[in-house]
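Student: Below you'll find the structure I mean.
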């Protein structure tokens, strides 16, 4: 009988391990359509933060340049990623002479026929090896020309404008308690399977052990041991505290908070505030960090925030993936905890609200000049900010915020955003690109051709099965999620 009991115990352990391995094996691979999967140069996790001098900075940047093909050197997304990489090399390798390292980066780029779409920003890094606290009474930029100051610790990175940072009298970055995890999140999503399996096996154990003295104590000890192991190894989503920091900074200061990514998967990772509400954030494939723009002091955590909707299961894999990423990171909202309503039409105001909030271009003080927008409308600042930033024109002096947004308008707004934020240039031969990309190029209105061409070149516009652009088709929330996901994947 004892042998049977031991056998059942082995079955229990092996079953859990096998089931977990099977779920991991059956998990879909990272989708190839994700923009952050397409960088031709591979920066290993932590490699940039290990740069300690200009020589190492030059080596990392030159190594990335050597891996580019001629076509990739003309790809706007890849070139801008190179610009981000150059800025990282400057701030880590140019602690004392950032301007000199910047010239080196520009010289290397010129040698390899790479032209950056914008001016490289100079940054300096203040490192702290402390795993607990970092307190600075005053931050002084290395030189007047430095634009960004980075507070770099092993547990988080805080980026501030140099002007704002130099005026801070008291800046604190304090690490909060958190637990890492060894049990994959995928296995924890199916926790009910493990519970049922454990109950069945324990029932059999009880049946076999009930005649033995102390059998209940054995089962209790076994259960306590399994619970303790799970508690100590469970990631934040299992109920433990997430990895987090407490930031104290001056009123009116805006900073970018970044958490190093420790696991390969990131689609369900997000940054939340002390109340548990997601803070709009994104994954940076160059730095391999999850980053969010914060505007106030407080406690912030990185945690798994898996979101599941029952009404998107019949949609394409890319649609489901985009919805999951955007909602888990607080970039889009579901209609409820279980429903996203992917087939509901998206309005102009809703789309612009998401775009402006994520890119930090929403100006609550902006004044609207549209005749159909009242101050009492929830989208008043959305309309005003979109017009101020040049994302929309409103030639007829109306905003039409509650009107469904057609595809051509969404693509044009995305193109305007790429030009405004990422400094993307217009497509030289837009007509030729549209002719080779779509089966209905002549149906695209003149006012939107340049924008559609730029959005198409950047990979923002999803392809239809019939190859048509269909610019007047109204976009649903599910279709908009794909375009928004692709857009936010190329905006740093």
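The values are calculated or read from the model by the stated rules, or taken from the named source; none is laboratory data. These figures come from a predicted structure and were not determined experimentally. Quick reminder, even Gly has a Cβ in these numbers, built from the backbone with ideal geometry, and neighbours come from all protein chains shown.
Student: Output the residue which, of all residues in the range 285-306 that are at pLDDT below 85 and part of a strand (DSSP E or B), is nearest to residue 158 (Cα to Cα).
Tutor: Within the range 285-306, the match that is nearest to residue 158 (Cα to Cα) is 303.
Student: Which pairs have Cβ atoms under 8 Å, sit 6 or more apart or on different chains, and link a residue in the range 454-478 that is in contact (Cβ under 8 Å) with a residue 60 or more places away in the chain and at positive phi to one that is surrounded by 14 or more Cβ atoms within 10 Å (Cβ to Cβ) and part of a loop (DSSP other than H, G, I, E, B)?
Tutor: 459/490; 470/440; 470/464
Student: Taking the range 80-92 as the search range and keeping residues that are out of contact with any strand residue (DSSP E or B) (no Cβ under 8 Å at 6 or more places or on another chain) and modelled with pLDDT under 90, which one is surrounded by the most Cβ atoms within 10 Å (Cβ to Cβ)? Explain how you work it out, then say what you get.
Tutor: Quick first cut of the range 80-92, residues out of contact with any strand residue (DSSP E or B) (no Cβ under 8 Å at 6 or more places or on another chain) only: 80-83, 85-86, 88-89.
Those left that are additionally modelled with pLDDT under 90: 80-81.
Details: 80: 21, 81: 24.
So, considering only residues that are out of contact with any strand residue (DSSP E or B) (no Cβ under 8 Å at 6 or more places or on another chain) and modelled with pLDDT under 90, the one surrounded by the most Cβ atoms within 10 Å (Cβ to Cβ) is 81.
Student: Further, regarding this structure: Kindly establish whether residue 442 is over 24 Å from residue 400 (Cβ atoms) and part of a helix (DSSP H, G or I). Spell out how you get there, then give the answer.
Tutor: Values: over 24 Å from residue 400 (Cβ atoms): yes; part of a helix (DSSP H, G or I): yes.
Yes.
Student: Another question about this same structure. Let me spell it out: the conditions are (1) in a loop (DSSP other than H, G, I, E, B); (2) modelled with pLDDT under 90, and residue 371 meets all of them except one. Which number is the exception?
Tutor: The single condition residue 371 does not satisfy is (2).
Student: Among 434, 418, which is the only one that is buried (at least 16 other Cβ atoms within 10 Å of the Cβ), under 25 Å from the mean Cα position of the chain (by Cα) and not in a loop (DSSP other than H, G, I, E, B)?
Tutor: Exactly one residue qualifies, and that residue is 418.
Student: Among the residues of the range 307-321 satisfying the criterion of being assigned to a loop (DSSP other than H, G, I, E, B) and in contact (Cβ under 8 Å) with a residue 12 or more places away in the chain, which is nearest to residue 332 (Cα to Cα)?
Tutor: Going through the qualifying residues, I end up with 307.
Student: Out of curiosity, is residue 146 in contact with a helix residue (DSSP H, G or I) (Cβ under 8 Å, 6 or more places away or on another chain), at pLDDT below 75 and in a loop (DSSP other than H, G, I, E, B)?
Tutor: Numbers: in contact with a helix residue (DSSP H, G or I) (Cβ under 8 Å, 6 or more places away or on another chain): yes; at pLDDT below 75: no; in a loop (DSSP other than H, G, I, E, B): yes.
In short, no.
Student: Also: Check whether at least one residue in the range 349-359 is part of a loop (DSSP other than H, G, I, E, B) and exposed (fewer than 15 other Cβ atoms within 10 Å of the Cβ), and report yes or no. Before you say what the answer is, go through the steps one by one.
Tutor: Step one: of the range 349-359, the residues part of a loop (DSSP other than H, G, I, E, B) are 359.
Okay, now just the ones that are also exposed (fewer than 15 other Cβ atoms within 10 Å of the Cβ), so none.
Within the range 349-359, not a single residue is part of a loop (DSSP other than H, G, I, E, B) and exposed (fewer than 15 other Cβ atoms within 10 Å of the Cβ).
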